[in-house]
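What follows is a set of notes on a single structure, which appears directly below.
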Amino acid sequence: MEHIDIEYSRGRGKYGQQYVYVRPAKKCYNKSRRFKIENADKLISKHFSHVNYYQIEGHTIGAKDEEAALKEYWRVCDKADIGKRFKVLPLNCP
């Protein structure tokens, strides 16, 4: 899975729960997604089966399709922009 970066928590948080933090491998504006370690395989295949890169409002976003890229942008944008439709341009990144 060279298209994503995976980090594992040490389980030192509340209740000692271990988490996996996943994000696209190339530099982009995405926030890491946090999954419980026992659900990681299923959720990684759901959200990061493959990663394409898109340009939204001058920011590079990694996602599996244009709709997912827009949702990812809403996770990191200003609160006033959440839910607004923005132009999503595909990037040619290998």
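The values are calculated or read from the model by the stated rules, or taken from the named source; none is laboratory data. If you're wondering where the values come from, they're calculated on a predicted model, not measured in any experiment. We place every Cβ from the backbone using ideal geometry, glycine too, and count neighbours over all the protein chains shown.
Could you please find all residues in segment 24-76 being among the polar types (S, T, N, Q) and within 12 Å of Pro90 (Cα to Cα)? Walk me through how you get there before you give the answer.
Restricting attention to segment 24-76, the residues satisfying the condition of being among the polar types (S, T, N, Q) are 30, 32, 39, 45, 49, 52, 55, 60.
If the condition is that a residue be among the polar types (S, T, N, Q) and within 12 Å of Pro90 (Cα to Cα), then Asn52, Gln55, Thr60 are the ones that fit.
Can you list residue pairs whose Cβ atoms sit under 6 Å apart, with the first residue in segment 25-40 being under 25 Å from Thr60 (Cβ atoms) and the second being surrounded by 12 or more Cβ atoms within 10 Å (Cβ to Cβ) and among the basic types (Lys, Arg)? Count only pairs 6 or more apart in sequence or on different chains.
Asn30/Arg23; Lys31/Arg75; Ser32/Arg23
Could you tell me whether Phe35 is modelled with pLDDT under 90, surrounded by 16 or more Cβ atoms within 10 Å (Cβ to Cβ) and in contact with a helix residue (DSSP H, G or I) (Cβ under 6 Å, 6 or more places away or on another chain)? First the steps, then the outcome.
Numbers: modelled with pLDDT under 90: yes; surrounded by 16 or more Cβ atoms within 10 Å (Cβ to Cβ): yes; in contact with a helix residue (DSSP H, G or I) (Cβ under 6 Å, 6 or more places away or on another chain): yes.
Judged against the criteria, Phe35 is a match.
Going by the conditions given, is Gln18 closer than 22 Å to Arg85 by Cα and either among the acidic types (Asp, Glu) or surrounded by 11 or more Cβ atoms within 10 Å (Cβ to Cβ) (or both)? Show your work before the answer.
Details: closer than 22 Å to Arg85 by Cα: no; either among the acidic types (Asp, Glu) or surrounded by 11 or more Cβ atoms within 10 Å (Cβ to Cβ) (or both): yes.
Considered against the rule, which asks whether it is closer than 22 Å to Arg85 by Cα and either among the acidic types (Asp, Glu) or surrounded by 11 or more Cβ atoms within 10 Å (Cβ to Cβ) (or both), Gln18 comes out as no.
Contact list please: Cβ distance under 6 Å, first residue in segment 5-23 and closer than 12 Å to Lys36 by Cβ, second residue outside any strand (DSSP E or B) and at pLDDT below 85, pairs at least six apart or on different chains.
Close Cβ pairs (under 6 Å, with a partner that is outside any strand (DSSP E or B) and at pLDDT below 85) amount to Gln18/Gly11.
Tell me yes or no: at least one residue of segment 76-89 is of a type outside the set (Asp, Glu) and part of a strand (DSSP E or B). Lay out the reasoning, then the answer.
Applying the first criterion (of a type outside the set (Asp, Glu)) to segment 76-89 yields 76-77, 79-80, 82-89.
Now drop any that are not part of a strand (DSSP E or B), which leaves 89.
Checking segment 76-89: at least one residue is of a type outside the set (Asp, Glu) and part of a strand (DSSP E or B).
Where residues in segment 46-57 are among the polar types (S, T, N, Q) and assigned to a strand (DSSP E or B), which of them is surrounded by the fewest Cβ atoms within 10 Å (Cβ to Cβ)?
Just the residues of segment 46-57 that are among the polar types (S, T, N, Q), to begin with: 49, 52, 55.
Imposing the further condition that a residue be assigned to a strand (DSSP E or B) reduces the set to 52, 55.
Numbers: Asn52: 18, Gln55: 15.
Step by step, filter segment 46-57, then rank; the result is Gln55.
Could you check segment 1-24 and list, in sequence order, the residues that are in a loop (DSSP other than H, G, I, E, B) and either among the basic types (Lys, Arg) or more than 27 Å from Ile61 (Cβ to Cβ) (or both)?
To start, the set of residues in segment 1-24 that are in a loop (DSSP other than H, G, I, E, B) comprises 1-3, 9-13, 17-18.
If the condition is that a residue be in a loop (DSSP other than H, G, I, E, B) and either among the basic types (Lys, Arg) or more than 27 Å from Ile61 (Cβ to Cβ) (or both), then Arg10, Gly11, Arg12, Gly13, Gln17, Gln18 are the ones that fit.
Within segment 82-89, is there a residue that is within 21 Å of Glu7 (Cα to Cα) and not aromatic (Phe, Trp, Tyr)? Before you say what the answer is, go through the steps one by one.
Applying the first criterion (within 21 Å of Glu7 (Cα to Cα)) to segment 82-89 yields none.
Checked segment 82-89: no residue is within 21 Å of Glu7 (Cα to Cα) and not aromatic (Phe, Trp, Tyr).
Of the conditions (1) in a helix (DSSP H, G or I); (2) on the phi > 0 side of the Ramachandran plot, Leu43 satisfies every one except a single condition; which number is it?
Tallying (1) in a helix (DSSP H, G or I); (2) on the phi > 0 side of the Ramachandran plot, Leu43 fails exactly one: (2).
Exactly one condition in (1) in a loop (DSSP other than H, G, I, E, B); (2) out of contact with any helix residue (DSSP H, G or I) (no Cβ under 9 Å at 6 or more places or on another chain) is not met by Tyr29; state its number.
Exception for Tyr29: condition (2).
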